[in-house]
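Some notes on the structure that comes next.
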Number of protein chains: 2
Amino acid sequence: LLDLSASADASLCERLKRALRREIRNGRIGLGSALPPSRKLAQDLDCSRWVVNEAYSQLIAEGYLEARMGSATRVRWAGDEAPAHVETVVTQQPGARFDLAPGLPDLRGFPRRQWADAVRTHTLRAPVGQLGYPEAQGHPVLRQLLAEYLRRARGTAASAADITLSTSVTDGVRRMCQALLARGITVMGCEDPGWSRLREVVRATGMRIVAVPTDAGGLRVDVLAGHPEVRAVLTTPAHQFPRGTVLLAERRAALLRWARNVDGVILEDDYDAEFRYDRRPVGTLQGMDPSRVILFKSVSKMLSPALGIGWMATPPAWTQTLKESDLPAALPPTIDQLAFATLLESGAYERHLRRCRQRYRNRRDALVRHLSTLLPGCEISGAAAGLHLVLALPSGVDAEAVARAAEARSVRVAHLGDYRIRASEEHALVVGYGNLADTAVAEATAQLATAIREAS
Amino acid sequence: LLDLSASADASLCERLKRALRREIRNGRIGLGSALPPSRKLAQDLDCSRWVVNEAYSQLIAEGYLEARMGSATRVRWAGDEAPAHVETVVTQQPGARFDLAPGLPDLRGFPRRQWADAVRTHTLRAPVGQLGYPEAQGHPVLRQLLAEYLRRARGTAASAADITLSTSVTDGVRRMCQALLARGITVMGCEDPGWSRLREVVRATGMRIVAVPTDAGGLRVDVLAGHPEVRAVLTTPAHQFPRGTVLLAERRAALLRWARNVDGVILEDDYDAEFRYDRRPVGTLQGMDPSRVILFKSVSKMLSPALGIGWMATPPAWTQTLKESDLPAALPPTIDQLAFATLLESGAYERHLRRCRQRYRNRRDALVRHLSTLLPGCEISGAAAGLHLVLALPSGVDAEAVARAAEARSVRVAHLGDYRIRASEEHALVVGYGNLADTAVAEATAQLATAIREAS
């Protein structure tokens with residue numbers, strides 16, 4: 001069926017992908033057609049199942065195919081759209097052509113070559129002892145470099161002894177919750193709206209959640225006075241998620257005062273602070289009072305969430321409790337820790353972040369320009385940093401109806417309500433652009449604007 | 001101070017290591033001397049701190065240097081031993097020249113080149129969508145290949161849908177405990193003696209532990225009748241840890257009957273079942289009743305614990321509970337999952353295991369031979385499989401005193417008491433040989449035999 005002879009210079013996988021795209025585009029494999037099982041096709045082509053699976057995966061990501069559990073992989077591209085777009089957009093969820101949900105960085109920008117080289121070097125050359133059980137807190141060399149990076153880039157004051165590796169911010173928060181519970185802290189103040197997944201994780205550890213409202217100045221620290229049972233607060237001061245605001249200076253001071261008064265702790269999720277477009281990154285609460293703040297970081301928004309590398313900086317008084325309260329702690333593989341250390345030490349990590357910042361700033365500019373043209377007078381906020389912005393909807397327009405209309409146009413978008421603890425009358429979309437291809441900004445915003453009009 | 005000019009063909013790190021070894025051996029850097037901080041030496045040599053840190057790490061592993069927290073790295077090799085041994089032995093804990101504690105596989109046998117190639121291929125070529133958030137249960141391609149591997153190698157019956165990736169057996173058991181707790185199962189029967197670390201993990205989740213004794217036939221299943229509160233049991237049927245015995249056929253049947261009668265579950269830790277020297281590997285309980293048994297595996301004893309790749313096969317009724325009861329689940333990085341899948345699919349993993357099995361069998365033979373010669377009439381058991389054996393001590397000899405005497409001779413060894421829930425009169429050493437260099441078997445056993453005589 002498939003002619004794979006064209007461009008024999010490319011790998012078999014590449015040729016298979018091209019052939020499948022061609023056959024789907026010219027309609028010879030029509031909408032809904034079932035593709036052969038990968039095992040079967042691999043046999044026919046006399047190649048590894050890998051080749052076939054990778055080709056299928058790529059075409060699912062590109063929107064040509066769809067996979068359903070327990071059923072054959074089928075053609076989902078009807079041939080009525082310009083295929084140029086389809087090829088440049090990579091969606092988080094196969095099914096949406098444009099993924100405007102926040103959460104992903106630009107996966108096309110992952111420095112594959114640098115990472116591959118660093119991993120290879122350590123895989124081949126690491127002293128044999130490094131292949132044994134990793135040190136529970138993380139590799140000491142990486143922890144030292146992270147302490148230096150945090151000091152340099154985020155103004156923190158934490159020594160390597162108080163840096164602990166994790167596999168993500170959520171993993172770190174989960175572990176810290178167990179440490180809090182071990183010391184009798186059972187209630188967590190959480191930003192409303194805030195990152196729902198992180199809240200679920202807090203709740204899953206058995207902690208009780210108290211909603212603390214946020215506004216244009218970030219967390220409403222004054223509300224904490226009405227909740228004497230709260231001794232821990234989870235917050236995103238540099239770039240509130242999802243509002244995108246910065247915690248006001250007077251609230252920063254008030255929050256730290258609160259922590260000292262109630263003998264409490266602040267969990268600072270510094271998830272995308274490196275991407276600030278209007279000025280230098282905002283400093284951390286941790287740098288203001290290292291004895292009261294636990295800082296959480298990861299490479300998920302900086303390199304890729306597939307790496308599973310995170311870390312936290314704890315007050316010395318909490319480092320040991322953290323170590324003892326969670327068994328066993330999951331860690332990134334030693335080799336990956338060493339590879340990340342190499343990127344940190346050589347400066348490659350910070351160079352990468354600078355390149356990303358520039359790219360995201362340009363994309364944000366394009367996105368804001370398109371939205372302002374398509375929706376004259378629209379209100380955009382939280383766009384001075386990070387990988388998402390907040391688009392207020394005209395009064396009377398229901399955000400959920402917009403999200404549904406957008407979905408029908410193959411655009412995935414979130415709204416403030418998705419991140420709420422308590423329901424609210426406030427209606428706004430949360431528009432992520434981290435993993436949106438630059439070439440897709442125009443069409444994605446056009447589709448989104450149409451969806452808003454449809455739902456109005 | 002250091003002359004690094006010799007053999008300029010080698011890397012700077014290699015030359016630094018050689019120069020340090022030379023200077024320590026010829027006494028120019030004497031016992032107890034402090035080495036310069038890595039930052040300082042790197043400056044002097046105009047190289048990356050990496051080079052110095054790696055050289056120090058290697059020499060610590062080789063026993064030339066020792067590192068103490070908060071203090072300088074110092075020379076610990078006194079120059080009175082044959083350096084040939086020192087260079088071939090890699091210790092788990094810097095400090096012991098011979099590590100006979102069980103737990104590590106042969107780290108020198110890690111297939112560095114194959115792993116590096118597989119990781120590089122996927123890092124450079126994985127579809128960009130694979131760099132996003134990994135699928136919570138693990139990559140579907142890997143899960144499919146693991147289901148096939150388990151069927152082929154361990155006689156299990158689990159579909160890919162019921163395979164869940166973890167970062168280790170302990171991580172998997174922790175997560176499963178939370179699933180059990182979510183369904184009201186709060187007490188775990190644990191083998192006594194058994195792997196202490198795994199028990200700590202069970203306890204840390206909040207489950208209560210009931211000790212179930214073991215004997216030469218494995219777990220004393222009959223004892224469960226006296227504990228109606230127990231509905232979950234954690235066991236090592238293929239190679240009881242630490243006794244090294246196989247669970248008798250009639251006890252296997254009785255254990256499964258027990259699980260059905262109490263509507264309970266069996267957690268089967270299949271940690272080193274692939275290394276069986278006398279016959280084909282013993283089958284799994286999971287294969288006998290997939291609805292009652294959760295099987296736990298990892299590559300820690302097969303490739304390296306530094307990779308952090310584990311998985312479990314759950315009864316379909318438990319798969320969803322497992323998914324929901326632990327947020328967030330830590331996963332191996334996607335690239336590593338794909339790399340492992342490549343090793344499984346190409347057959348490289350099983351070829352590696354066959355090579356390892358041969359190497360371990362030979363080493364076990366040498367170890368048994370040496371022990372029998374040095375300690376005539378000594379009783380060795382549990383040696384037909386795995387990476388450790390049990391050496392009964394002459395009556396009246398205290399195992400702890402032997403372990404201390406061995407430590408003084410730079411031999412790390414464990415004893416049954418280390419793994420006990422309840423104290424017992426039984427005295428035996430647990431002698432691991434997974435990561436013992438073949439060239440070190442003779443001296444390690446000689447030192448151990450002397451330690452036993454000293455403690456008698």
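The values are calculated or read from the model by the stated rules, or taken from the named source; none is laboratory data. What you are looking at is a predicted structure, and each value in this text was computed from that prediction instead of being measured. When we count neighbours, we look across all protein chains shown, and the Cβ atoms used for this are built from the backbone with ideal geometry, even at glycine. Protein only, heavy atoms only, side chains kept; ligands, DNA and RNA dropped before computing areas. Shrake-Rupley method; radii C 1.70, N 1.55, O 1.52, S 1.80 Å.
Checking each residue in region A:146-171 for being closer than 18 Å to residue A:307 by Cα, polar (S, T, N, Q) and more than 12 Å from every other protein chain (Cβ to nearest Cβ) picks out only A:164. Those strands (runs of 3 or more DSSP E) of region B:187-243 in which 1 or more residues are among the acidic types (Asp, Glu) occupy B:187-192, B:208-215. Within region A:273-286, the set of residues being open to solvent by less than 30 Å² (accessible area, probe 1.4 Å), closer than 13 Å to residue A:153 by Cα and over 20 Å from the mean Cα position of the chain (by Cα) comprises just one member, A:286. Each residue in region A:172-199 was checked for being β-branched (Val, Ile, Thr), crowded, with 22+ Cβ neighbours inside 10 Å and away from chain B (no Cβ under 14 Å), and 0 pass.
The residues on offer are B:264, B:347, and the sole one that is in contact with a strand residue (DSSP E or B) (Cβ under 9 Å, 6 or more places away or on another chain) and among the small types (Gly, Ala, Ser) is B:264. In summary, helices (runs of 4 or more DSSP H) completely within region A:1-117 and bearing 2 or more residues that are at pLDDT below 75 occur at A:83-88.
The set of residues from region B:160-171 being in contact (Cβ under 8 Å) with a residue 40 or more places away in the chain and surrounded by fewer than 19 Cβ atoms within 10 Å (Cβ to Cβ) comprises just one member, B:161. The one condition from (1) in contact with an Asp or Glu (Cβ under 6 Å, 6 or more places away or on another chain); (2) not in a strand (DSSP E or B) that residue B:295 does not meet is (2).
One residue is enough: does region B:253-260 have a residue meeting the conditions farther than 13 Å from residue B:173 by Cβ and within 14 Å of another protein chain (Cβ to nearest Cβ)? No; the residues of region B:253-260 include none that is farther than 13 Å from residue B:173 by Cβ and within 14 Å of another protein chain (Cβ to nearest Cβ). Taking the listed residues B:391, B:371, B:429, B:387, the one that is in contact (Cβ under 8 Å) with a residue 12 or more places away in the chain, closer than 14 Å to residue B:100 by Cβ and in contact with a Ser or Thr (Cβ under 7 Å, 6 or more places away or on another chain) is B:371, with no other qualifying.
Scanning region B:130-145 for residues that are of a type outside the set (A, V, I, L, M) and either at the interface with another protein chain (Cβ under 7 Å from one of its Cβ atoms) or part of a helix (DSSP H, G or I) (or both) returns B:130, B:132, B:133, B:134, B:140, B:143, B:144. Tell me yes or no: at least one residue of region B:376-392 is closer than 30 Å to residue B:152 by Cα, of a type in the set (Ser, Thr, Tyr) and open to solvent by less than 20 Å² (accessible area, probe 1.4 Å). No, because not a single residue in region B:376-392 is closer than 30 Å to residue B:152 by Cα, of a type in the set (Ser, Thr, Tyr) and open to solvent by less than 20 Å² (accessible area, probe 1.4 Å).
Within the group A:111, A:127, which residue is in contact with a His (Cβ under 6 Å, 6 or more places away or on another chain) and within 11 Å of chain B (Cβ to nearest Cβ)?
The unique qualifying residue is A:111.
For the residues B:400, B:345, the requirement of being over 23 Å from residue B:240 (Cα atoms) and at pLDDT below 95 singles out B:345.
Test residue A:286 against the stated conditions and say whether it is modelled with pLDDT of 95 or more, over 30 Å from residue A:416 (Cβ atoms) and not hydroxyl-bearing (Ser, Thr, Tyr). Judged against the criteria, residue A:286 is not a match.
Pairs linking a residue in region A:34-47 that is of a type in the set (Asp, Glu) to a residue that is modelled with pLDDT of 85 or more, with Cβ atoms under 8 Å and 6 or more positions apart or on different chains, are A:44/A:36. Restricting to region B:319-340, count the residues that are in a helix (DSSP H, G or I), crowded, with 23+ Cβ neighbours inside 10 Å and at pLDDT below 90. Selection size over region B:319-340: 0. Going by the structure shown, is residue B:164 within 27 Å of residue B:213 (Cβ to Cβ) and among the hydroxyl-bearing types (Ser, Thr, Tyr)? Spelling it out, it is not the case that residue B:164 is within 27 Å of residue B:213 (Cβ to Cβ) and among the hydroxyl-bearing types (Ser, Thr, Tyr). What about residue B:454, is it in a loop (DSSP other than H, G, I, E, B) and over 20 Å from residue B:108 (Cβ atoms)? Criteria not met by residue B:454.
As a summary of the residue check, residue A:236 satisfies the conditions (1) closer than 19 Å to residue A:188 by Cβ; (2) surrounded by fewer than 23 Cβ atoms within 10 Å (Cβ to Cβ) except for the one numbered (2). Under the condition of being of a type in the set (Ser, Thr, Tyr) and modelled with pLDDT under 95, which residue from region B:184-228 is farthest from residue B:242 (Cα to Cα)? Result: B:205. Within the set B:231, B:208, B:220, B:252, the sole residue that is touching a strand residue (DSSP E or B) at 6+ places or on another chain (Cβ under 6 Å), basic (Lys, Arg) and surrounded by 14 or more Cβ atoms within 10 Å (Cβ to Cβ) turns out to be B:220. The single residue among B:290, B:305 that is assigned to a loop (DSSP other than H, G, I, E, B) and open to solvent by 30 Å² or more (accessible area, probe 1.4 Å) turns out to be B:290. Hey, among the residues in region A:118-139 that are surrounded by fewer than 18 Cβ atoms within 10 Å (Cβ to Cβ) and touching a residue at least 12 places away in the same chain (Cβ under 8 Å), which one's nearest to residue A:322 (Cα to Cα)? The qualifying residue nearest to residue A:322 (Cα to Cα) is A:136.
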